[in-house]
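These notes concern the structure reproduced below.
The values are calculated or read from the model by the stated rules, or taken from the named source; none is laboratory data. Please read all numbers here as calculations on a predicted model, not as lab measurements. Note that each Cβ is placed from the backbone with ideal geometry, even for glycine, and that neighbours are counted across all protein chains shown. In case anyone asks, the SASA skips ligands and DNA or RNA and just uses the protein heavy atoms, side chains included. Shrake-Rupley method; radii C 1.70, N 1.55, O 1.52, S 1.80 Å.
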Amino acid sequence: LICGLLLSTKVHVGVQIAYGIIVLWTACALMSVSLRNPGLVERRDSIPMRENGKPELAWVWNDQARTYKPPGARYCDWCNAVFYEFDHTCPWTGTAIARNNMRSFRSFVALVQLELWCTIAVVILWFSELVPR
């Protein structure tokens, strides 16, 4: 529906180009979230050692993931993995949202909202031209 509205001759070419740029930008943000490593903690059978040969005492065992995890890392039961600064698992992007992809996720959410408002504006402009004056 939106593609048909945008390709109609009633919508200005500048609006079509701007809307297309927003859609492509949103798709790039989605790919950035989905394809980036969110901050996966490698599985470890033992506590990692410091440079001086002493163990990192802050790491704790996680029974669910069957690995040691560092402070600030959390287990995701949907992904069955431990992530640094884990926030949530997003069903829309299909990945965990954690330290490494949080900025991309926030960009994606902001762009989806911008795209929504632009879509509403295009539909209102299109319908306003249909109404006889």
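If you filter region 80-133 down to residues that are modelled with pLDDT of 90 or more and among the acidic types (Asp, Glu), you find that the one that is nearest to residue 13 (Cα to Cα) is 115. Within region 95-111, the residues that satisfy the criterion of being in contact (Cβ under 8 Å) with a residue 24 or more places away in the chain and more than 10 Å from residue 39 (Cβ to Cβ) are 95, 104, 105, 107, 108, 111. Where strands (runs of 3 or more DSSP E) sit wholly within region 35-133, those with at least 2 residues that are open to solvent by 50 Å² or more (accessible area, probe 1.4 Å) occupy 60-62.
May I ask you to say which residue of 5, 1 is hydrophobic (A, V, I, L, M, F, W, C), surrounded by 11 or more Cβ atoms within 10 Å (Cβ to Cβ), at pLDDT below 90 and closer than 30 Å to residue 127 by Cα? Unique residue meeting the criteria: 5. If the condition is being open to solvent by less than 90 Å² (accessible area, probe 1.4 Å) and hydrophobic (A, V, I, L, M, F, W, C), then region 14-34 contributes 15, 18, 22, 23, 27, 28, 29, 30, 33.
Looking at the structure I just gave you, is residue 51 touching a helix residue (DSSP H, G or I) at 6+ places or on another chain (Cβ under 6 Å) and more than 17 Å from residue 28 (Cβ to Cβ)? No: the conditions fail for residue 51. Of all residues in region 76-94, those that are free of Cβ contacts under 8 Å to residues at least 12 places away in the same chain have Cβ atoms under 8 Å from Cβ atoms of residues that are of a type in the set (A, V, I, L, M), 6 or more apart or on another chain, in 88/96; 88/97.
Applying the set (1) over 22 Å from residue 25 (Cβ atoms); (2) touching a residue at least 60 places away in the same chain (Cβ under 8 Å) to residue 43 leaves exactly one unmet item: (2).
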